[in-house]
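Below is one structure, written out as structure tokens, with a few remarks after it.
The values are calculated or read from the model by the stated rules, or taken from the named source; none is laboratory data. Please read these numbers as outputs of a predicted model, since none were measured by experiment. Every residue, glycine among them, receives a Cβ derived from its backbone with ideal geometry; neighbour counts consider all protein chains shown.
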Amino acid sequence: MNQQPLSFTEVLNLVPQQAPFRFIDEIISLHEDEIVGCYTYKQDESFYAGHFPGKPVTPGVILLETMAQTGVVAYGLYLLSLQVKRDELDQWLTLFSDAEVEFNKPVFPGEKVTITAKKVFWRRMKLKASVQMHNAAGELVSSCVISGMGVPKQ
């Protein structure tokens, strides 16, 4: 289907995760081969209270969720929008299927991260992406190969 691509704002508006569980503040760039987004972990995120008291660190599962929201959900919605009519986009649900992840550096409250996902493949509504997360200093904090699939809502 040949139609005008979704804007960054339109993609963000379609992402189903919402505060306090949305970990995308902004999409910086987006095209068929790559998405780049960012998120700043707020000082008062609820998970910091117990991870770890007095010396909070962002949990690895939250880092993975951040990479998934940009690299599978937002990116997948964009790729899906190139194949289906815009009014059909809300009829699809993105499900996480698997990931192989590495953690390189801790991420602390108040840190901004940039997430870059490059398409490995997109076919039959399944997306596999190679994702890297960097801190503001440009250091690699985490990376993964992650997959998800679009399924019709019932």
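Tabulated values for the structure
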{"item": "Some residue of segment 74-88 being in contact with a Gly (Cβ under 7 Å, 6 or more places away or on another chain) and of a type in the set (Val, Ile, Thr)", "result": "no"}
{"item": "Some residue of segment 61-77 being farther than 30 Å from residue 154 by Cβ and not acidic (Asp, Glu)", "result": "yes"}
{"item": "Considering residues of segment 128-144 that are within 12 Å of the chain's Cα centre (by Cα) and of a type outside the set (Gly, Ala, Ser) only, the residue nearest to residue 73 (Cα to Cα)", "result": "131"}
{"item": "Qualifying positions in segment 10-58 - free of Cβ contacts under 8 Å to residues at least 40 places away in the same chain and either under 19 Å from residue 136 (Cα atoms) or touching a His at 6+ places or on another chain (Cβ under 6 Å) (or both)", "result": "25, 26, 29"}
{"item": "Out of 126, 118, 105, sole residue that is in contact (Cβ under 8 Å) with a residue 60 or more places away in the chain, surrounded by fewer than 19 Cβ atoms within 10 Å (Cβ to Cβ) and out of contact with any His (no Cβ under 9 Å at 6 or more places or on another chain)", "result": "118"}
{"item": "Filtered residues of segment 26-41 (kept if surrounded by 13 or more Cβ atoms within 10 Å (Cβ to Cβ) and either assigned to a loop (DSSP other than H, G, I, E, B) or more than 14 Å from the chain's Cα centre (by Cα) (or both))", "result": "41"}
{"item": "Some residue of segment 82-98 being outside any loop (DSSP other than H, G, I, E, B), surrounded by fewer than 19 Cβ atoms within 10 Å (Cβ to Cβ) and at pLDDT 95 or above", "result": "yes"}
{"item": "Conditions (1) outside any loop (DSSP other than H, G, I, E, B); (2) loosely packed, with under 15 Cβ neighbours inside 10 Å: number failed by residue 67", "result": "(2)"}
{"item": "Matching option when the condition is touching a Ser or Thr at 6+ places or on another chain (Cβ under 7 Å) and aromatic (Phe, Trp, Tyr), among 121, 103", "result": "103"}
